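Structure, as C-alpha cells:
Derivation of every value follows stated rules applied to the coordinates shown; laboratory data play no part. Small disclaimer: the values here were computed from a predicted structure and weren't measured. Reconstructed Cβ throughout: ideal geometry from the backbone, glycine too, with neighbour counts over all protein chains shown.
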Amino acid sequence: MRTGYVRFLRAVLILFGTGLAAFAVFLLPHFAELAARHYTELAYLKTPILIFAYLSAVPFYIALHEGVQICGSVLDREPFSIRNRVAFRRAGICALTVSVWYFAGTLTMLGLGAERPIIYVVGALVTCCALIFALLCAVLDQLLARAIELREENELTV
C-alpha cells in the first residue's frame, strides 16, 4: 500500500490546523478591531463574534483530530476498523454542529439588523461546506461499515 499520500494528507491536516490556530490567535482579534472601527454601528458585536468564532473552532478541531487519527490508523494498516467508523461519525457530528451554529449565527445577525452582505455570504458558505462535509462523513461511515462486514465474511470463509 502506498503510504505517501496518507502521510501527505496527515501533514496537510496538521499544518492547516496549526495555521488556522495562528490566524485565530494573532490575526482574528486584529481584524475584529479593524471591522469595529470601520463599521461603528456594529462595533458592539465585536466581542460576541470573537467568542462565537473561538467556540465554533472547538468542533472543527475535534473533526480535524479525528481526520489525523484516521490517517494514523491507515498508516498502521488498519483502515477497516470500528475505530475509524467512530471517528467518521464524530467528525460528521462536529461538522453538523458547526453548520447549525453558523446557520443560527447568520439568522441572529439578520435579526440584529447587521446589513452587511459579507456576513451572510460567509455564514452561508460555512454552513453549506460543513453540511457537505457531514454528508461525506456519513457516506464514508456507511461505506466503511459495509467494508468491515465484507472483511468479516471473508475471514469466516477462509
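Could you pull out the longest piece of the chain with no exposed loop trypsin sites (Lys or Arg not before Pro) in it, calling a site exposed if DSSP puts it outside H, G, I, E, B and it has at most 15 other Cβ atoms within 10 Å?
Here the longest segment lacking exposed loop sites spans 78-158.
Please identify every one of the chymotrypsin sites (Phe, Trp or Tyr not before Pro) in segment 1-109 that sits in a loop by DSSP and has no more than 14 other beta carbons within 10 Å of its own beta carbon.
Sites meeting the loop and neighbour criteria: Tyr39.
Find the all-direction average of the projected area of the Cα convex hull for the chain, expressing the result in square nanometres with one decimal place.
Projected over every direction and averaged, the Cα hull of the chain covers 10.4 nm².
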